[in-house]
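Nothing in this text is a laboratory measurement; each read-out follows from the coordinates by a stated rule. Everything numeric in this text was worked out from a predicted model, so none of it was measured. Note that each Cβ is placed from the backbone with ideal geometry, even for glycine, and that neighbours are counted across all protein chains shown.
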Amino acid sequence: MKKSKAGVAAEWVAFIFYIGLLVYFTIFAESMGRTVPIVSSSYRYNLVPLKEIKRFLCNTDTLGWEPVILNIAGNVIAFIPFGYFLPRLFKYRIQFVKAVLVSFDLSLAIEIIQLLSRVGSFDVDDLILNTLGGIIGYILCVIVWRERGKYPHSQ
């Protein structure tokens, strides 16, 4: 079953809106700690895989659950729509490995912008969690479309 032009346009509008929200919350939202830095502020980064995830999980008693959930689950959840939209918008020409790489690339771009603009921190754990979210979204899309019998690779 072919999608109507209006359906395709609606998906693109939703995707662009989602990307706008993603950029806003990861780079501009003051409520997420994205404030304009002082010129002399230093770069903040974590290059050790799982370091911040472990820190959050081991310190829930002092940090509380809200920052733990916001950081860990939030990074995964934020990229689920991205992984879901990819195969739909590109007519299923994007296979799993490419979806993983594109999710990683978008996350890397956001992390680099945060590092260079000093409105966040470059965190390798965010790359891991964001990419995981993209993977989950892609898998959800495949499951939904296979259940409906419409996924082209299910024949």
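Using R0 = 25 Å, the C-beta based FRET efficiency linking Thr62 and Leu108 works out to 0.25.
The fewest-to-most ranking of Asp105, Asp126 by surrounding Cβ atoms within 10 Å reads Asp105, Asp126.
For the range 51-148, applying the loop criterion from DSSP together with a ceiling of 11 other beta carbons within 10 Å to the trypsin sites (Lys or Arg not before Pro) yields Lys91, Arg93, Arg148. Taking Lys and Arg as +1 and Asp and Glu as -1, the other residues whose beta-carbon sits under 11 Å from that of Gly74 total -2.
Residues whose amide H comes within less than 5 Å of that of Asn46, counting only those at least five positions distant or on another chain, are Phe122, Asp123, Val124 (H built at 1.01 Å from N in the peptide plane).
Only lysine pairs 8 or more places apart or on separate chains count here, and in the chain those with Cα atoms under 21 Å apart total 8.
Rounded to the nearest 0.05, the FRET efficiency derived from the C-beta distance between Ile27 and Ala6 at R0 = 41 Å is 0.85. With a Förster radius of 22 Å applied to the beta-carbon distance between Leu89 and Leu47, the computed FRET efficiency rounds to 0.10.
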